[in-house]
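**Student:** Here it is: the structure, laid out below.
The values are calculated or read from the model by the stated rules, or taken from the named source; none is laboratory data. Here the structure is a predicted model, which means the values were calculated and not measured. All Cβ positions, glycine included, derive from the backbone under ideal geometry; neighbour counts span all protein chains shown.
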Amino acid sequence: MSQALASSARAVRRSSARTAPLVLRLLRERLGWVGAAKVLASLGVARARGEPFGRLGPPASERERLTRVQAADLVLLHRALVARLGAPAALDACRAIAAEGARHFFDDMLADVSVPATPEAAAALVTELAARFFNTETVVAAQPAGVAMTVTRCLFVDLLAQVDAAVLVPLFCATDHEAFDGEARPIRLQRTRTLAIDGQPCDFVFSAATAPAPSAPSSTEP
């Protein structure tokens, strides 16, 4: 496994563990303790059966394996909640869980990233980040507005469609801006389309975050 994928695998494991308290709270609020326990038990049984991706056969690559790991619990949870709460409420709960998971995932993924000082450094950074995004196939190119990363294939799109969970793919898309556009992030993201929503390659453009100007020292009268 490459260093980039090993880093991504650690981020997946940690984000799953850190998102668990929110999952438990949402289940308890919506279903009560007994209902929450039943859902968690059903998830355990489904995992033991290899759901939701087991019928697809073994993953074709480490990238696909990691994508399955990251998406599996959300797919199973969505199924369980649709049966108990209905589709709109289930999707709303999964949206909150996906956002929380993404926040923790990108906190880990971007922990060692700093603002690039030159266009060349920016291009190298985005190329490195592309290697960490295990669910995508990308083309990276410099342009005046920043560095473009065009996603020509997304494994979330491919895999979730095969297990009747395509409705969840836009939830993963929605987390991108939250992940990159926070005040603490060293890079910013622009994007006008996605494979999941528009059926066209995702047109990411990354640019260096502008460092805030230093505060002027306060003056005091002598």
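**Student:** Suppose the filter is touching a residue at least 12 places away in the same chain (Cβ under 8 Å), in a helix (DSSP H, G or I) and either over 21 Å from the mean Cα position of the chain (by Cα) or farther than 28 Å from LEU129 by Cα (or both); does LEU5 pass it?
**Tutor:** On the way: touching a residue at least 12 places away in the same chain (Cβ under 8 Å): yes; in a helix (DSSP H, G or I): yes; either over 21 Å from the mean Cα position of the chain (by Cα) or farther than 28 Å from LEU129 by Cα (or both): no.
In short, no.
**Student:** Still on this structure: Filter the stretch 14-28 down to the residues that are under 26 Å from ALA131 (Cβ atoms) and of a type outside the set (Ser, Thr, Tyr), then identify the one that is surrounded by the most Cβ atoms within 10 Å (Cβ to Cβ). Write out each step before concluding.
**Tutor:** In the first step, residues of the stretch 14-28 are kept if they are under 26 Å from ALA131 (Cβ atoms); the result is 14-19.
When the remaining residues are screened for being of a type outside the set (Ser, Thr, Tyr), the result is 14, 17-18.
On the way: ARG14: 14, ALA17: 10, ARG18: 16.
Within the stretch 14-28, the match that is surrounded by the most Cβ atoms within 10 Å (Cβ to Cβ) is ARG18.
**Student:** Turning to a different aspect of this structure: Suppose we filter the stretch 100-139 for residues that are more than 22 Å from PRO21 (Cα to Cα) and assigned to a helix (DSSP H, G or I); how many remain?
**Tutor:** 14
Quick grid of which residues meet (1) among the basic types (Lys, Arg); (2) touching a Phe, Trp or Tyr at 6+ places or on another chain (Cβ under 8 Å):
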| position | (1), (2) |
| --- | --- |
| SER15 | no, yes |
| PRO21 | no, no |
| ARG28 | yes, no |
| ALA37 | no, no |
| ALA46 | no, no |
| GLY50 | no, no |
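**Student:** Moving to a separate point now. Mind checking which helices (runs of 4 or more DSSP H) fall wholly inside the stretch 148-222 and carry at least 1 residues that are touching an Asp or Glu at 6+ places or on another chain (Cβ under 9 Å), modelled with pLDDT of 95 or more and surrounded by 12 or more Cβ atoms within 10 Å (Cβ to Cβ)? Even if it seems obvious, please write down each step before you answer.
**Tutor:** Working: elements: 155-162, 169-180, 195-198.
Counting at least 1 such residues, we get 155-162.
**Student:** Whether any residue in the stretch 79-86 is aliphatic (A, V, I, L, M), free of Cβ contacts under 8 Å to residues at least 12 places away in the same chain and not in a helix (DSSP H, G or I) is what I want to check. Give the derivation first.
**Tutor:** The first filter runs over the stretch 79-86 and keeps only residues aliphatic (A, V, I, L, M), leaving 80-83, 85.
Imposing the further condition that a residue be free of Cβ contacts under 8 Å to residues at least 12 places away in the same chain reduces the set to 82-83.
With the extra rule that they be not in a helix (DSSP H, G or I), the set shrinks to none.
No: the stretch 79-86 contains no residue that is aliphatic (A, V, I, L, M), free of Cβ contacts under 8 Å to residues at least 12 places away in the same chain and not in a helix (DSSP H, G or I).
**Student:** Cβ-Cβ below 8 Å, separation at least six or inter-chain, first residue in the stretch 153-176 and without any contact (Cβ under 8 Å) to a residue 60 or more places away in the chain and within 11 Å of ARG95 (Cβ to Cβ), second assigned to a helix (DSSP H, G or I) and of a type outside the set (Ser, Thr, Tyr): which pairs?
**Tutor:** Pairs found: PRO170/ALA196; PRO170/ILE197.
**Student:** Return the residues of the stretch 88-109 that are among the small types (Gly, Ala, Ser) and either surrounded by 19 or more Cβ atoms within 10 Å (Cβ to Cβ) or without any contact (Cβ under 8 Å) to a residue 24 or more places away in the chain (or both); say none if nothing qualifies.
**Tutor:** ALA90, ALA93, ALA98, GLY101, ALA102
**Student:** Tell me which residues, restricted to the stretch 29-75, are surrounded by 11 or more Cβ atoms within 10 Å (Cβ to Cβ) and assigned to a loop (DSSP other than H, G, I, E, B).
**Tutor:** GLY50, GLU51, PRO52, PHE53, PRO59, SER61 - these are the residues of the stretch 29-75 that are surrounded by 11 or more Cβ atoms within 10 Å (Cβ to Cβ) and assigned to a loop (DSSP other than H, G, I, E, B).
The rows are residues; the columns are (1) hydroxyl-bearing (Ser, Thr, Tyr); (2) at pLDDT below 95; (3) in contact with a His (Cβ under 6 Å, 6 or more places away or on another chain).
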site: GLN3; (1), (2), (3): no, yes, no
site: SER8; (1), (2), (3): yes, yes, no
site: ARG25; (1), (2), (3): no, no, no
site: ALA46; (1), (2), (3): no, no, no
site: GLU51; (1), (2), (3): no, no, no
site: ARG65; (1), (2), (3): no, no, no
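**Student:** Hey, another quick one. State which residue is surrounded by the fewest Cβ atoms within 10 Å (Cβ to Cβ) when the search covers only the stretch 132-147 and only residues that are more than 13 Å from PRO201 (Cα to Cα) and under 16 Å from the mean Cα position of the chain (by Cα). Full working, then the answer.
**Tutor:** Filtering the stretch 132-147 for residues more than 13 Å from PRO201 (Cα to Cα) gives 132-135, 141-147.
Going one step further and asking which of them are under 16 Å from the mean Cα position of the chain (by Cα), we end up with 132-135.
Values: ARG132: 18, PHE133: 20, PHE134: 23, ASN135: 21.
Among residues in the stretch 132-147 that are more than 13 Å from PRO201 (Cα to Cα) and under 16 Å from the mean Cα position of the chain (by Cα), the one surrounded by the fewest Cβ atoms within 10 Å (Cβ to Cβ) is ARG132.
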